[in-house]
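Please read the structure below before turning to the comments.
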Amino acid sequence: MTEAWRHFAAALLAGDERQAYSLLANDPRPSIRVYKEIITPAMYDIGEKWLRNEITVADEHLATSVCDFALAQYVFPFKRRNKHSKDKVMFLCLEEEQHVIGSKMVAALFEEQHWQVRHLGPNLPLAHALSSAEQWRPEVIGLSAAIPYRIPALKEYIAAFEQLPWQPRVMVGGRVVSMHDIRPYCGRQTQVIYDLEQVAAWLNELAEEEADGVW
């Protein structure tokens, strides 16, 4: 099992969608461990190979595309039962941000807890993100950021979502939060997310608050 992520990475680079999905679907670990111990190290390894010029940017894009497909298939059974859930969460990547796999794994944890999830994908300008939020009115909005020079934009997104009239909770995650302390830019509604275990714990807290009528 310790080599599972290496086999998964090989399937991604080979463009083998069927094998990539099979490796996830047939793994006996709980889903959060699949995300943490297979998908995350595989994608990290592929990113490192690209930085060392061992693979091309086309290879990296192919691997990301196959990973996206495999993850979507792995999560699909949870989606079917959440259609009528009253709890809603919206995820997006900031404008100029392209990395979506991390936020999709976080989204999967919400889907497992019966939330309706909308993932609006990469490179979403703030105006369009706000428009979508105002139409759908999610209880939680997740922001993904990886590029340090986009921190000023991240501050704008956080401030704008915190000012929405129904006061949604805001989650901020991605590579940038491990590199810089963004907590000074966050109000009481916003939670900085550093790992999947923190997401799972936060989901449990939300469920307890909802059961107690606090949220």
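The values are calculated or read from the model by the stated rules, or taken from the named source; none is laboratory data. From a predicted model like this one, the values you see are computed outputs, not experimental measurements. Cβ sites come from the backbone with ideal geometry, for glycine too, and all protein chains shown count toward neighbours. Ligands, DNA and RNA are stripped out before the accessible areas are found, and what is left, the full protein with its side chains, is counted by its heavy atoms. Shrake-Rupley method; radii C 1.70, N 1.55, O 1.52, S 1.80 Å.
One line per residue, one yes/no per condition, for (1) touching a Lys or Arg at 6+ places or on another chain (Cβ under 9 Å); (2) surrounded by fewer than 17 Cβ atoms within 10 Å (Cβ to Cβ); (3) free of Cβ contacts under 8 Å to residues at least 12 places away in the same chain; (4) more than 21 Å from Pro122 (Cα to Cα):
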| residue | (1), (2), (3), (4) |
| --- | --- |
| Pro165 | no, yes, yes, yes |
| Gly173 | no, no, no, no |
| Gly187 | no, yes, no, yes |
| Glu205 | no, yes, yes, yes |
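Residue pairs whose Cβ atoms lie under 7 Å apart, sitting 6 or more positions apart in sequence or on different chains, and linking a residue in the stretch 42-67 that is under 12 Å from His99 (Cβ atoms) to a partner that is open to solvent by 80 Å² or more (accessible area, probe 1.4 Å) and not polar (S, T, N, Q), are Glu60/Trp50. What number of residues in the stretch 125-141 are in a strand (DSSP E or B) and open to solvent by 30 Å² or more (accessible area, probe 1.4 Å)? Within the stretch 125-141, residues that are in a strand (DSSP E or B) and open to solvent by 30 Å² or more (accessible area, probe 1.4 Å) number 0.
With respect to being farther than 25 Å from Glu208 by Cα and at pLDDT 95 or above, Leu126 fits the description. Looking only at residues in the stretch 183-210 that are hydrophobic (A, V, I, L, M, F, W, C) and touching a strand residue (DSSP E or B) at 6+ places or on another chain (Cβ under 9 Å), the one that is nearest to His114 (Cα to Cα) is Leu206.
Residues in the stretch 155-187 that are in a helix (DSSP H, G or I), in contact with a Phe, Trp or Tyr (Cβ under 7 Å, 6 or more places away or on another chain) and at pLDDT 95 or above: 2 in all. Answer yes or no: is there a residue in the stretch 142-155 that is open to solvent by 50 Å² or more (accessible area, probe 1.4 Å) and without any contact (Cβ under 8 Å) to a residue 24 or more places away in the chain. The answer is yes, given that some residue of the stretch 142-155 is open to solvent by 50 Å² or more (accessible area, probe 1.4 Å) and without any contact (Cβ under 8 Å) to a residue 24 or more places away in the chain. Annotation: of all residues in the stretch 104-124 being touching a strand residue (DSSP E or B) at 6+ places or on another chain (Cβ under 9 Å) and open to solvent by 40 Å² or more (accessible area, probe 1.4 Å), the one that is farthest from Tyr157 (Cα to Cα) is Gln116.
Taking the criterion of being in contact with a Gly (Cβ under 6 Å, 6 or more places away or on another chain), open to solvent by less than 80 Å² (accessible area, probe 1.4 Å) and not aromatic (Phe, Trp, Tyr), would at least one residue in the stretch 54-62 satisfy it? So far as the stretch 54-62 goes, yes, one or more of its residues are in contact with a Gly (Cβ under 6 Å, 6 or more places away or on another chain), open to solvent by less than 80 Å² (accessible area, probe 1.4 Å) and not aromatic (Phe, Trp, Tyr). Identification of helices (runs of 4 or more DSSP H) wholly contained in the stretch 1-88 with 1 or more residues that are at positive phi yields no element. Summed over the stretch 6-24, the residues that are hydroxyl-bearing (Ser, Thr, Tyr) and open to solvent by 80 Å² or more (accessible area, probe 1.4 Å) give a count of 1.
Could we say that Phe91 is touching a helix residue (DSSP H, G or I) at 6+ places or on another chain (Cβ under 7 Å), over 25 Å from Gln135 (Cα atoms), modelled with pLDDT of 95 or more and aromatic (Phe, Trp, Tyr) here?
It is false that Phe91 is touching a helix residue (DSSP H, G or I) at 6+ places or on another chain (Cβ under 7 Å), over 25 Å from Gln135 (Cα atoms), modelled with pLDDT of 95 or more and aromatic (Phe, Trp, Tyr).
For (1) closer than 24 Å to Tyr194 by Cα; (2) at pLDDT below 95; (3) touching a strand residue (DSSP E or B) at 6+ places or on another chain (Cβ under 8 Å), each residue gets a yes or a no:
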position: Trp5; (1), (2), (3): yes, no, no
position: Ala9; (1), (2), (3): yes, no, no
position: Val34; (1), (2), (3): yes, no, no
position: Ile38; (1), (2), (3): yes, no, no
position: Ile55; (1), (2), (3): no, no, no
position: Ala70; (1), (2), (3): yes, no, no
position: Phe76; (1), (2), (3): no, yes, no
